[in-house]
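Worksheet for the structure shown next.
The values are calculated or read from the model by the stated rules, or taken from the named source; none is laboratory data. The structure displayed is predicted, hence computed values, not measured ones. Don't worry about glycine lacking a Cβ; one is built from the backbone with ideal geometry, like all the others, and counts go over all protein chains shown. Side chains are part of the model used for accessible areas, which takes the heavy atoms of the whole protein and leaves out ligands, DNA and RNA. Shrake-Rupley method; radii C 1.70, N 1.55, O 1.52, S 1.80 Å.
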Amino acid sequence: MSDATDTRTKSYRGITKRAARHYLKKLGGEVVDDEHVTGDGWSVTLSSGKVPVGPTLELTEVTVVFEGDPDTLDEFIDRFSQKAMRAGG
């Protein structure tokens, strides 16, 4: 593990912060509070809001700020994204 720290931000539509926390726990994270989860070589900050999809529909969008060892983040973000994209299905 290197001493460098990387920060990457991704947004996911159609999931909630609660679901995101659940996925992060399944990936080995420990929930610190409503917006923060930490794990081995990474930490995450969560925020959410509504975004318009067409003229009358809104979806929840969760923004995830991943921080940690660059070598750890690549695989970790891929694994989290797979879980988040399967949400609801």
So how much accessible area does Ser81 have, in Å² to the nearest 10, using a 1.4 Å probe?
10
With every protein chain left in place, what is the accessible area of Arg21 in Å² (1.4 Å probe, nearest 10)?
50
Among (i) -0.47, -1.37; (ii) -0.46, -1.60; (iii) -0.61, -1.35, which is the computed log10 I(q)/I(0) by the Debye sum over Cα atoms at q = 0.14, 0.26 Å⁻¹?
(i)
How much length is gained if the chain between Leu59 and Leu27 is pulled fully straight, taking 0.36 nm per residue apart and subtracting their Cα-Cα distance, in nm to one decimal?
9.0 nm
Can you compute the modelled spin-label distance between Asp74 and His36, with each label point 7 Å from Cα toward Cβ, in nm?
2.9
Cα-based helix-to-principal-axis angle, 17-26 vs the chain, degrees rounded to 10
30
Go through region 49-58 residue by residue and turn each phi into a ³J(HN,Hα) via Karplus (6.51, -1.76, 1.60, θ = phi - 60°); whole Hz please, and just put x for glycine and proline.
x, 9, 10, x, 10, x, x, 10, 10, 10
Relative to the longest principal axis of the C-alpha atoms of the chain, give the angle of the C-alpha long axis of helix 70-85, reported between 0 and 90° and rounded to the nearest 10°.
30
